[in-house]
Structure formats: structure tokens, C-alpha cells
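Take a look at the structure below.
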Amino acid sequence: MTTKASEVPAGMQKICRRFERWRSSHRGRLPIPERLWASAAAVAREYGVFQTAKVLRLEYGKLKRMVESDPPSAPIAPPATFLELVPPQGVGLSECLIELEGPHGKMRIQWKGASTPDLAGLSRALWESA
């Protein structure tokens, strides 16, 4: 007996296929491997024990005990905190002087600090004809 694909939630389809492959490769009554039970318990934490047991055709009581006894496999990350990044004070401040001469006159640009003025816009204003 196979589970209909339309009945399986998207997040359970992979584990459902793993159970189907395992069941089709064995004859008789063999215990389900622990790694499959662990995967089923992980899915049950997200989708609930009842729905997982129904879709994967597992014993509800055993699955519930596994979910309650086993901690989640992936550790829960602590919540993100705010971190302010402050640039170093007074390190690498540069000074620059540019002199431009065009048909409309001369321009001298001098600045200190890390940011630069819009040199392209300034030079265009000087060189373009009025």
C-alpha cells in the first residue's frame, strides 16, 4: 500500500519516499532502522505526530515517545543581536587638490576626508558650453 502523493505535505515527501523505498526492499516484518525513525521524529516536530504517523504509516505511540525523548538534531541558534560597526577615527584621512581649467574659467577642488565630491559632474559643468 502506497500513500498518494496528493495526501503528503511538501515537507514530508522526501521522508515518505525513503520509507516507501525501505518497505519495498524488504519482505516480512523487519524493524524500521533507527535513522528512519529519527527522520520521522524530526518531521513530526514540524508537522505534528498524528499527521506524520498517518502519512508514513507508523505506530503513533512510538513516534510520540521518540519526539518527546529526543532533542532536535540541529541546535537552535540564538536570536540575532544588533551590532554597530563604527569606522576608525582619523585613520587614513586623505587630502586632495584638483585644479581644472576650461573654456568657462578655472576651478579648484580641495577636500579632506574619505568621501570624494562628484568630480564628473563638476568637470562637466566647467567644460560644457553654455
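The values are calculated or read from the model by the stated rules, or taken from the named source; none is laboratory data. What you are looking at is a predicted structure, and each value in this text was computed from that prediction instead of being measured. Note that we place each Cβ from the backbone using ideal geometry, even for glycine, and neighbour counts take in every protein chain shown. For accessibility, only protein heavy atoms count, side chains too; no ligands or nucleic acids. Shrake-Rupley method; radii C 1.70, N 1.55, O 1.52, S 1.80 Å.
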> When only the heavy atoms of the protein chains count and the probe is 1.4 Å, how do I109, I98 rank by accessible area, highest first?
Replying inline: I98, I109
> Ordering T52, T81 from largest to smallest accessible area (1.4 angstrom probe), what's the sequence?
Replying inline: T81, T52
>> On a 1.4 Å probe surface of the protein chains, which of L85, L97 comes out largest in accessible area, and what is the full order?
In response: L85, L97
> trypsin sites (Lys or Arg not before Pro), restricted to region 16-73: which are DSSP loop and have at most 14 other Cβ atoms within 10 Å?
Replying inline: R27, R29, R57
> How many nm is it between the label spots at K106 and E34, if each spot is 7 Å from the Cα in line with the beta carbon?
Replying inline: 8.6
